[in-house]
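Chemist: Can you read through this structure? Questions will come right after.
Please treat every number below as a calculation from the coordinates, not as lab data. Values in this document were obtained by computation on a predicted structure and should not be read as measured data. Positions of Cβ are backbone-derived with ideal geometry, glycine not excepted, and every protein chain shown enters the neighbour counts.
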Amino acid sequence: MPTGRQPDGEYALSNAERQARYRARREAEQPPSKIRYRRPADRRTRSQRWYDTVAVLVALQAEYVAWQDALPDSLRDTATAEALQAIVDLDLDALIAIVPPRGYGRD
């Protein structure tokens, strides 16, 4: 009959010591678990999301206008200046004037 594994030290480990060693070894082998948070659901209505998106677009266009105004003269003929001019030339008034439907007979 096999006698089993010989103890590493002078005496055999107790059950509690063996369990503690096992848990430490398992913890060292496994990567720490990631805590995943769920994103909160967007509770805004579609029309509110539309108005918010249009407001962001208008604010971004204003930032690009300021960026174009701050360009030095040496950069006025570059691709960056052309892209900024294209953004500044966009007419967002049509988007601002749109009123999305409420839907489901709530018109």
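Chemist: Can you compute the helix-only [θ] at 222 nm over the chain? Use -39500 (n - 2.57) per DSSP H run of at least 4 residues, normalise by all residues, nearest 500 deg cm²/dmol.
Modeler: Rounded to the nearest 500, it is -17000 deg cm²/dmol.
Chemist: Could you list the square roots of 5 times each eigenvalue of the Cα gyration tensor of the chain, that is, the equivalent ellipsoid semi-axes, sorted largest first and rounded to whole Å?
Modeler: Value: 68, 28, 9 Å, ordered largest first.
Chemist: Let's test the formula: R0 of 41 Å, r as the Cβ-Cβ distance of Asp42 and Ala16. What FRET efficiency results, to the nearest 0.05?
Modeler: Efficiency computed from Cβ-Cβ geometry: 0.20.
Chemist: If we count every other residue with Cβ under 15 angstrom of Tyr22's Cβ, Lys/Arg +1 and Asp/Glu -1, where does the sum land? Display every interim value, and only then the final one.
Modeler: Numbers: positive: Arg5, Arg18, Arg21, Arg23, Arg25, Arg26; negative: Asp8, Glu17, Glu27, Glu29.
Overall, the nearby charge balance is +2.
Chemist: Another one. For segment 2-34, run through the trypsin sites (Lys or Arg not before Pro) and keep only the ones in DSSP coil with at most 13 other Cβ atoms within 10 Å of their Cβ.
Modeler: Here the sparse-neighbourhood loop sites are Arg5, Lys34.
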